[in-house]
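Written out below as structure tokens is the structure these notes cover.
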Amino acid sequence: MINEIVRDKLIDVSIKKQVIYYQDLCNNCNLDLDMRTNPEDRTEIGRILGRISEFEFFHKRPLISAIVISKSGKAGDGFFRLCEELGLATNWK
């Protein structure tokens with residue numbers, strides 16, 4: 001089961017050719033997750049985004065969660081691990 005609210009937000013942001021910060025995504029989708037101070041919340045958003053990415057991959061669409069970035073301007077490590085698991089990349093560095 002994927003979070004349709006988060007997926008819809010990602011589609012909306014991608015149509016505008018923008019990116020969104022993890023915390024802003026959580027706030028916009030009323031997820032009540034705190035990316036700054038709670039490691040469990042960071043794990044939870046990673047799980048949500050991972051399921052959406054897998055859903056898109058198996059439907060032969062781009063991994064829309066790539067537009068979610070940290071304040072440093074990078075996607076999370078979980079995104080890159082998932083890409084490797086899906087056979088989409090072997091060397092990111």
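The values are calculated or read from the model by the stated rules, or taken from the named source; none is laboratory data. All figures in this text were calculated on a predicted structure; none of them were measured in a lab. So basically every Cβ, Gly included, is an ideal-geometry build from the backbone, and we count neighbours across all protein chains shown. Just so you know, the surface numbers come from the protein's heavy atoms only, side chains and all, with ligands and any DNA or RNA stripped out. Shrake-Rupley method; radii C 1.70, N 1.55, O 1.52, S 1.80 Å.
Please give, to one decimal in nm, the separation of the simple spin-label points placed at N28 and F55, each 7 Å out from Cα toward the Cβ.
Taking the simple label geometry, N28 and F55 are separated by 1.6 nm.
Give the separation of the Cα centroids, region 5-33 to region 40-93, in Å.
For region 5-33 versus region 40-93, the Cα centre distance is 14 Å.
Work out the FRET efficiency for E44 and S14 from their Cβ-Cβ distance, taking R0 = 22 Å, and round it to the nearest 0.05.
On the way: r = 22 Å, r/R0 = 0.99.
Working from the Cβ atoms, E equals 0.50.
Skipping prolines and chain starts, which residues have an amide H placed within reach, meaning under 5 Å, of the one on Y21, given they are 5 or more residues away or on another chain?
I69
Give me the percent of the accessible area of region 1-68 that comes from carbon and sulfur atoms, probe 1.4 Å, all protein chains in place. Spell out each step's value before the answer.
Working: 2270 of 4310 Å².
Carbon and sulfur together cover 53 percent of it.
Report the percentage of all Cα-Cα pairs in the chain whose separation exceeds 17 Å, rounded to a whole percent. Each step should come with its number before you reach the end.
Numbers: 1970 of 4278 pairs.
Percentage above 17 Å: 46.
Along the positive direction of the dipole of the chain (beta-carbon charges: Lys, Arg +1; Asp, Glu -1; about the Cα centre), which of L88, L25, S65 reaches farthest?
Checked the options; the winner is L88.
Under a point-charge model restricted to the Cβ atoms of Lys and Arg (+1) and Asp and Glu (-1), what is the dipole moment magnitude of the chain relative to its Cα centre, in debye to the nearest 20?
Values: 14 positive and 14 negative charges, 86 e Å.
Roughly 420 debye for the chain.
Can you work out the accessible area per residue across the chain, with the rest of the protein chains kept in place, probe 1.4 Å, in square angstrom? The partial results should precede the final answer.
Values: 6250 Å² over 93 residues.
Accessible area per residue: 67 Å².
For region 64-73, what does the Karplus curve 6.51 cos²θ - 1.76 cosθ + 1.60, with θ = phi - 60°, yield as ³J(HN,Hα) per residue in whole Hz, taken in order and with x for Gly and Pro?
4, 5, 4, 7, 8, 10, 7, 4, 7, x
Using only the alpha carbon atoms of region 1-55, find the Kirkwood hydrodynamic radius as the inverse mean reciprocal pair distance, in angstroms to one decimal. All intermediate terms of the calculation are to be shown ahead of the outcome.
Numbers: mean 1/r = 0.0875 Å⁻¹.
About 11.4 Å, per the Kirkwood formula over Cα pairs.
Using the membrane-span-like helix rule (whole DSSP H runs, Cα extent along the own axis of at least 18 Å, mean Kyte-Doolittle hydropathy at least -0.5), which helices of the chain qualify?
On the way: long enough: 39-58 (28 Å, -0.46).
Those that clear 18 Å and a mean of -0.5 are 39-58.
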